[in-house]
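Have a look at the structure below before the remarks.
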Amino acid sequence: MIQLRNVSLGYGATTILRNLDLQIGRGEFIGIIGLSGAGKSTLLSSIIGNVKVSKGEYRVIDRHLNRISKKELKDLRGRIGFIFQGYNLVNRLNALHNIMSGMLKKISLHRSLIKLYSDQELSRAHEYMKVVGIEAVALQRCDALSGGQRQRVAIARALAQEPEILLADEPVAALDPISAGQVMEVLKRINKQYGVTVIANLHHLDFARDYCSRIMGIADGQIVFDDVPEHLNETAFSKIYKTAVSAKEYEFPEQQAVKESYYDMKDAVPAMEMEQEMAASDAA
Ligand SMILES: Nc1ncnc2c1ncn2[C@@H]1O[C@H](COP(=O)(O)OP(=O)(O)O)[C@@H](O)[C@H]1O
Ligand SMILES: [Mg+2]
(Lines give C-alpha, C1' and ligand atoms only; values in the text may rest on other atoms or scores of the structure.)
(Ligands and ions follow the chains in the order given, each with its own letter.)
Protein backbone atom coordinates (compact mmCIF):
# COMPACT_ATOMS: atom_id res chain seq x y z
CA MET A 1 0.00 0.00 0.00
CA ILE A 2 2.78 2.42 0.99
CA GLN A 3 6.45 1.77 0.38
CA LEU A 4 9.43 3.98 1.11
CA ARG A 5 12.96 3.10 0.11
CA ASN A 6 15.72 5.21 1.56
CA VAL A 7 13.49 8.29 1.48
CA SER A 8 14.46 11.71 2.79
CA LEU A 9 11.94 14.51 2.90
CA GLY A 10 11.44 18.00 4.18
CA TYR A 11 10.51 21.57 3.42
CA GLY A 12 12.54 23.64 0.98
CA ALA A 13 16.20 22.92 1.68
CA THR A 14 15.52 21.58 5.17
CA THR A 15 15.43 17.81 5.56
CA ILE A 16 13.07 16.73 8.34
CA LEU A 17 13.01 12.93 7.98
CA ARG A 18 15.90 10.98 6.52
CA ASN A 19 16.66 7.53 5.14
CA LEU A 20 13.23 6.10 5.79
CA ASP A 21 12.67 2.48 4.87
CA LEU A 22 9.11 1.54 5.35
CA GLN A 23 6.38 -0.78 4.14
CA ILE A 24 2.74 -0.42 5.11
CA GLY A 25 0.30 -3.10 4.01
CA ARG A 26 -3.43 -3.03 3.32
CA GLY A 27 -5.59 -3.14 6.44
CA GLU A 28 -2.95 -2.15 8.98
CA PHE A 29 -3.78 0.23 11.82
CA ILE A 30 -0.65 2.21 12.54
CA GLY A 31 -0.05 4.62 15.39
CA ILE A 32 2.76 7.13 15.00
CA ILE A 33 4.21 8.45 18.23
CA GLY A 34 7.05 10.81 19.10
CA LEU A 35 7.88 14.11 20.72
CA SER A 36 6.35 17.28 19.43
CA GLY A 37 8.32 18.44 16.38
CA ALA A 38 9.64 14.94 15.67
CA GLY A 39 8.07 14.91 12.21
CA LYS A 40 4.84 12.94 12.68
CA SER A 41 2.67 15.41 10.76
CA THR A 42 5.36 15.72 8.12
CA LEU A 43 5.27 11.97 7.57
CA LEU A 44 1.47 11.95 7.26
CA SER A 45 1.43 14.94 4.90
CA SER A 46 4.07 13.32 2.73
CA ILE A 47 1.68 10.45 1.99
CA ILE A 48 -0.63 12.86 0.15
CA GLY A 49 2.31 14.44 -1.62
CA ASN A 50 2.47 17.61 0.46
CA VAL A 51 6.13 17.33 1.40
CA LYS A 52 9.11 17.40 -0.91
CA VAL A 53 10.82 14.03 -1.39
CA SER A 54 14.51 14.84 -1.83
CA LYS A 55 15.81 11.29 -1.99
CA GLY A 56 14.64 7.70 -2.45
CA GLU A 57 11.60 5.92 -3.86
CA TYR A 58 8.19 6.79 -2.41
CA ARG A 59 5.26 4.66 -3.51
CA VAL A 60 1.65 5.21 -2.43
CA ILE A 61 -0.96 2.70 -3.62
CA ASP A 62 -0.11 2.41 -7.32
CA ARG A 63 1.79 5.68 -7.77
CA HIS A 64 5.36 6.82 -7.36
CA LEU A 65 5.41 10.20 -5.64
CA ASN A 66 8.79 10.86 -7.21
CA ARG A 67 7.25 11.04 -10.65
CA ILE A 68 3.61 11.94 -10.46
CA SER A 69 1.68 14.42 -12.56
CA LYS A 70 -0.63 17.02 -11.01
CA LYS A 71 -3.64 15.15 -12.31
CA GLU A 72 -2.44 11.81 -10.93
CA LEU A 73 -1.72 13.40 -7.55
CA LYS A 74 -5.22 14.85 -7.43
CA ASP A 75 -6.66 11.44 -8.22
CA LEU A 76 -4.46 9.79 -5.59
CA ARG A 77 -5.59 12.30 -2.94
CA GLY A 78 -9.17 11.37 -3.75
CA ARG A 79 -8.40 7.84 -2.62
CA ILE A 80 -6.94 8.93 0.71
CA GLY A 81 -9.01 10.35 3.56
CA PHE A 82 -7.44 12.87 5.92
CA ILE A 83 -8.81 13.95 9.27
CA PHE A 84 -7.35 16.56 11.58
CA GLN A 85 -7.55 17.66 15.17
CA GLY A 86 -9.59 20.68 14.03
CA TYR A 87 -12.32 18.69 12.16
CA ASN A 88 -12.40 21.03 9.15
CA LEU A 89 -16.17 20.81 8.71
CA VAL A 90 -18.50 23.41 7.26
CA ASN A 91 -20.04 24.49 10.54
CA ARG A 92 -23.22 26.06 9.22
CA LEU A 93 -24.11 22.89 7.31
CA ASN A 94 -25.61 19.90 9.02
CA ALA A 95 -23.81 16.61 9.52
CA LEU A 96 -25.51 14.95 6.53
CA HIS A 97 -24.47 17.66 4.07
CA ASN A 98 -20.93 17.62 5.39
CA ILE A 99 -20.80 13.89 4.79
CA MET A 100 -22.26 14.34 1.34
CA SER A 101 -19.46 16.75 0.51
CA GLY A 102 -17.15 13.76 0.91
CA MET A 103 -18.93 12.21 -2.06
CA LEU A 104 -18.58 15.44 -4.05
CA LYS A 105 -16.20 14.04 -6.57
CA LYS A 106 -18.87 11.55 -7.54
CA ILE A 107 -21.81 13.93 -7.20
CA SER A 108 -21.91 16.99 -9.42
CA LEU A 109 -21.35 20.31 -7.73
CA HIS A 110 -24.70 21.47 -9.04
CA ARG A 111 -26.57 18.62 -7.39
CA SER A 112 -24.70 19.03 -4.16
CA LEU A 113 -25.53 22.73 -4.10
CA ILE A 114 -29.22 22.12 -4.38
CA LYS A 115 -28.84 19.23 -1.97
CA LEU A 116 -30.42 16.70 -4.22
CA TYR A 117 -29.09 13.28 -3.49
CA SER A 118 -30.13 9.92 -4.84
CA ASP A 119 -31.59 7.24 -2.59
CA GLN A 120 -28.44 5.25 -3.02
CA GLU A 121 -26.26 8.17 -1.94
CA LEU A 122 -28.47 8.83 1.04
CA SER A 123 -28.39 5.21 2.07
CA ARG A 124 -24.60 5.20 1.88
CA ALA A 125 -24.48 8.35 4.00
CA HIS A 126 -26.81 6.68 6.45
CA GLU A 127 -24.55 3.65 6.64
CA TYR A 128 -21.51 5.84 7.40
CA MET A 129 -23.44 7.77 10.03
CA LYS A 130 -24.32 4.49 11.68
CA VAL A 131 -20.73 3.32 11.60
CA VAL A 132 -19.54 6.45 13.40
CA GLY A 133 -22.63 6.72 15.63
CA ILE A 134 -24.00 10.13 14.63
CA GLU A 135 -27.31 9.10 13.06
CA ALA A 136 -29.26 10.84 15.79
CA VAL A 137 -27.70 14.23 15.03
CA ALA A 138 -27.65 13.95 11.22
CA LEU A 139 -29.74 17.08 10.67
CA GLN A 140 -28.10 19.28 13.25
CA ARG A 141 -25.74 22.03 12.23
CA CYS A 142 -22.18 21.05 12.90
CA ASP A 143 -21.56 24.04 15.15
CA ALA A 144 -24.19 22.63 17.51
CA LEU A 145 -22.34 19.33 17.91
CA SER A 146 -19.79 18.32 20.55
CA GLY A 147 -16.12 17.93 19.65
CA GLY A 148 -16.38 14.16 19.61
CA GLN A 149 -19.48 14.23 17.40
CA ARG A 150 -17.78 16.65 15.01
CA GLN A 151 -14.75 14.43 14.75
CA ARG A 152 -17.03 11.48 13.99
CA VAL A 153 -18.80 13.52 11.28
CA ALA A 154 -15.37 14.28 9.85
CA ILE A 155 -14.57 10.57 9.83
CA ALA A 156 -17.89 9.76 8.13
CA ARG A 157 -17.14 12.41 5.52
CA ALA A 158 -13.74 10.85 4.89
CA LEU A 159 -15.45 7.44 4.61
CA ALA A 160 -17.89 8.80 2.02
CA GLN A 161 -14.86 9.29 -0.17
CA GLU A 162 -14.43 5.49 -0.04
CA PRO A 163 -10.76 5.87 0.81
CA GLU A 164 -8.20 3.10 0.66
CA ILE A 165 -6.09 4.87 3.28
CA LEU A 166 -7.29 7.02 6.15
CA LEU A 167 -4.78 9.42 7.69
CA ALA A 168 -5.55 11.02 11.04
CA ASP A 169 -3.35 13.74 12.51
CA GLU A 170 -3.88 13.80 16.29
CA PRO A 171 -7.57 12.97 15.87
CA VAL A 172 -8.28 12.79 19.60
CA ALA A 173 -5.89 15.36 21.04
CA ALA A 174 -8.60 17.98 21.55
CA LEU A 175 -11.22 15.64 22.99
CA ASP A 176 -12.29 14.64 26.46
CA PRO A 177 -11.38 11.07 27.43
CA ILE A 178 -14.76 9.50 26.66
CA SER A 179 -15.08 11.16 23.25
CA ALA A 180 -11.45 10.33 22.50
CA GLY A 181 -12.10 6.66 23.24
CA GLN A 182 -15.21 6.68 21.04
CA VAL A 183 -13.27 8.17 18.14
CA MET A 184 -10.57 5.52 18.53
CA GLU A 185 -13.27 2.82 18.56
CA VAL A 186 -14.72 4.26 15.36
CA LEU A 187 -11.32 4.28 13.66
CA LYS A 188 -10.81 0.68 14.65
CA ARG A 189 -14.27 -0.30 13.41
CA ILE A 190 -13.59 1.31 10.02
CA ASN A 191 -10.25 -0.43 9.83
CA LYS A 192 -11.88 -3.81 10.49
CA GLN A 193 -15.18 -3.38 8.67
CA TYR A 194 -13.93 -1.75 5.47
CA GLY A 195 -10.33 -2.94 5.53
CA VAL A 196 -9.16 0.68 5.26
CA THR A 197 -5.51 1.20 6.18
CA VAL A 198 -5.49 3.67 9.08
CA ILE A 199 -2.45 5.72 10.03
CA ALA A 200 -2.86 8.01 13.03
CA ASN A 201 -0.53 10.35 14.88
CA LEU A 202 -1.31 9.88 18.52
CA HIS A 203 -0.44 11.90 21.55
CA HIS A 204 -1.66 9.32 24.05
CA LEU A 205 0.61 6.35 24.16
CA ASP A 206 -2.08 4.16 25.66
CA PHE A 207 -4.47 4.71 22.79
CA ALA A 208 -1.68 3.69 20.41
CA ARG A 209 -1.02 0.58 22.49
CA ASP A 210 -4.67 -0.43 22.76
CA TYR A 211 -5.96 0.24 19.27
CA CYS A 212 -3.10 -0.03 16.80
CA SER A 213 -1.75 -3.20 15.22
CA ARG A 214 1.63 -1.54 14.78
CA ILE A 215 3.41 1.40 16.36
CA MET A 216 6.02 3.61 14.77
CA GLY A 217 8.16 5.86 16.91
CA ILE A 218 9.89 8.87 15.39
CA ALA A 219 12.89 10.69 16.88
CA ASP A 220 15.75 12.72 15.44
CA GLY A 221 14.32 12.57 11.94
CA GLN A 222 14.21 8.79 11.85
CA ILE A 223 11.92 5.90 12.60
CA VAL A 224 13.47 4.50 15.77
CA PHE A 225 10.77 1.95 16.56
CA ASP A 226 8.52 -0.03 14.24
CA ASP A 227 6.86 -3.05 15.75
CA VAL A 228 3.77 -4.47 17.41
CA PRO A 229 2.64 -2.61 20.56
CA GLU A 230 3.69 -5.52 22.79
CA HIS A 231 7.32 -4.88 21.92
CA LEU A 232 7.29 -1.27 23.02
CA ASN A 233 9.55 -1.77 26.02
CA GLU A 234 11.58 0.68 28.12
CA THR A 235 14.51 0.70 25.70
CA ALA A 236 12.28 1.50 22.75
CA PHE A 237 10.46 4.07 24.82
CA SER A 238 13.62 5.95 25.77
CA LYS A 239 14.77 5.96 22.14
CA ILE A 240 11.50 7.53 21.03
CA TYR A 241 11.16 10.03 23.85
CA LYS A 242 14.90 10.47 24.36
CA THR A 243 14.62 10.07 28.07
CA ALA A 244 15.81 7.61 30.62
CA VAL A 245 12.60 7.70 32.62
CA SER A 246 10.15 4.86 32.32
CA ALA A 247 6.95 4.92 30.36
CA LYS A 248 4.98 5.27 33.55
CA GLU A 249 6.98 8.15 34.98
CA TYR A 250 6.98 9.96 31.67
CA GLU A 251 3.30 10.66 31.56
CA PHE A 252 2.33 14.14 32.52
CA PRO A 253 -0.08 14.27 35.42
CA GLU A 254 -2.96 15.49 33.28
CA GLN A 255 -2.27 12.87 30.65
CA GLN A 256 -2.27 10.21 33.34
CA ALA A 257 -5.54 11.58 34.70
CA VAL A 258 -7.15 11.69 31.29
CA LYS A 259 -6.09 8.14 30.59
CA GLU A 260 -7.27 6.85 33.94
CA SER A 261 -10.61 8.53 33.78
CA TYR A 262 -11.20 7.11 30.32
CA TYR A 263 -10.33 3.59 31.31
CA ASP A 264 -12.21 3.82 34.62
CA MET A 265 -15.33 5.09 32.94
CA LYS A 266 -15.04 2.67 30.08
CA ASP A 267 -15.05 -0.25 32.49
CA ALA A 268 -17.56 1.18 34.89
CA VAL A 269 -20.07 2.57 32.41
CA PRO A 270 -20.51 0.26 29.45
CA ALA A 271 -23.54 2.41 28.61
CA MET A 272 -21.04 4.86 27.16
CA GLU A 273 -21.09 2.68 24.08
CA MET A 274 -22.15 4.74 21.12
CA GLU A 275 -25.04 2.48 20.19
CA GLN A 276 -26.64 3.20 23.52
CA GLU A 277 -25.96 6.86 23.18
CA MET A 278 -27.71 6.75 19.83
CA ALA A 279 -30.62 4.75 21.14
CA ALA A 280 -31.05 7.30 23.91
CA SER A 281 -31.16 10.22 21.52
CA ASP A 282 -33.49 8.28 19.22
CA ALA A 283 -35.89 7.83 22.11
CA ALA A 284 -35.67 11.47 23.12
N1 LIG B 1 5.31 23.75 6.45
C2 LIG B 1 6.51 23.67 7.06
N3 LIG B 1 7.57 24.38 6.60
C4 LIG B 1 8.78 24.29 7.22
N5 LIG B 1 9.04 23.54 8.31
C6 LIG B 1 8.02 22.83 8.82
C7 LIG B 1 6.70 22.86 8.23
N8 LIG B 1 5.89 22.05 8.96
C9 LIG B 1 6.68 21.53 9.94
N10 LIG B 1 7.94 22.00 9.86
C11 LIG B 1 9.06 21.63 10.74
O12 LIG B 1 9.25 20.22 10.63
C13 LIG B 1 9.58 19.65 11.89
C14 LIG B 1 8.60 18.52 12.17
O15 LIG B 1 7.32 19.07 12.38
P16 LIG B 1 5.99 18.20 12.47
O17 LIG B 1 6.01 17.21 11.37
O18 LIG B 1 4.85 19.13 12.54
O19 LIG B 1 6.22 17.45 13.86
P20 LIG B 1 5.15 16.70 14.80
O21 LIG B 1 3.90 16.51 14.03
O22 LIG B 1 5.83 15.43 15.18
O23 LIG B 1 4.96 17.59 15.99
C24 LIG B 1 9.55 20.78 12.89
O25 LIG B 1 10.87 21.20 13.12
C26 LIG B 1 8.73 21.84 12.20
O27 LIG B 1 9.13 23.12 12.62
MG1 LIG C 1 1.96 17.19 14.38
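The values are calculated or read from the model by the stated rules, or taken from the named source; none is laboratory data. Keep in mind it's a predicted model, so treat the numbers as computed, not measured. With ideal geometry, Cβ positions are generated from the backbone for all residues, glycine too; neighbour counts draw on all protein chains shown.
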Of all residues in segment 60-77, count the ones that are assigned to a helix (DSSP H, G or I) and either in contact with a His (Cβ under 6 Å, 6 or more places away or on another chain) or crowded, with 16+ Cβ neighbours inside 10 Å (or both).
4
Over segment 20-32, the set of residues within 16 Å of ligand 1 (Cβ to nearest atom) and over 21 Å from I190 (Cα atoms) is L20, L22
Would segment 158-178 turn up any residue that is under 22 Å from Y87 (Cα atoms), in contact with a Pro (Cβ under 9 Å, 6 or more places away or on another chain) and touching a residue at least 24 places away in the same chain (Cβ under 8 Å)?
no
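A quick yes/no check of all residues on (1) touching an Asp or Glu at 6+ places or on another chain (Cβ under 8 Å); (2) at pLDDT below 90; (3) surrounded by 19 or more Cβ atoms within 10 Å (Cβ to Cβ):
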site	(1), (2), (3)
R79	yes, no, no
G86	no, yes, no
R92	yes, yes, no
L104	no, yes, no
I114	no, yes, no
D119	no, yes, no
S123	no, no, no
V132	no, no, yes
R141	no, no, no
Just for segment 33-43: of the residues that are among the aliphatic types (A, V, I, L, M) and closer than 15 Å to L9 by Cβ, which one is nearest to ligand 1 (Cβ to nearest atom)?
A38
Taking the residues in segment 1-39 that are among the small types (G, A, S) and outside any strand (DSSP E or B) as candidates, determine which candidate is surrounded by the most Cβ atoms within 10 Å (Cβ to Cβ).
G39
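Return the total of residues in segment 56-69 being among the basic types (K, R) and either under 15 Å from T42 (Cα atoms) or at pLDDT 95 or above (or both). If you could, list the steps in order and put the result at the bottom.
Quick first cut of segment 56-69, residues among the basic types (K, R) only: 59, 63, 67.
When the remaining residues are screened for being either under 15 Å from T42 (Cα atoms) or at pLDDT 95 or above (or both), the result is 59, 63.
Adding up the residues that qualify gives 2.
Please enumerate the residues belonging to segment 19-49 that are within 13 Å of ligand 2 (Cβ to nearest atom) and within 24 Å of S69 (Cα to Cα).
Step one: filter segment 19-49 for residues within 13 Å of ligand 2 (Cβ to nearest atom), giving 32-46.
Correct list: S41, T42, L43, L44, S45, S46.
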Residues in segment 44-71 that are within 12 Å of ligand 1 (Cβ to nearest atom) and among the β-branched types (V, I, T): how many?
1
For segment 167-184, which residues satisfy the criterion of being away from ligand 2 (no atom under 15 Å from the Cβ), in contact with a Phe, Trp or Tyr (Cβ under 8 Å, 6 or more places away or on another chain) and either of a type outside the set (A, V, I, L, M) or within 24 Å of S46 (Cβ to Cβ) (or both)?
P177, G181, M184
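From the list I215, I165, which one is under 23 Å from D62 (Cα atoms) and crowded, with 21+ Cβ neighbours inside 10 Å? Give the steps one after another, and end with the answer.
Details: I215 fails: under 23 Å from D62 (Cα atoms).
Every option except I165 fails the conditions.
Determine if segment 238-259 includes at least one residue that is assigned to a loop (DSSP other than H, G, I, E, B) and modelled with pLDDT of 95 or more. Don't jump to the end; show me each part of the working.
Initial filter on segment 238-259 (assigned to a loop (DSSP other than H, G, I, E, B)): 242-246, 251-252.
Those left that are additionally modelled with pLDDT of 95 or more: none.
No: zero hits.
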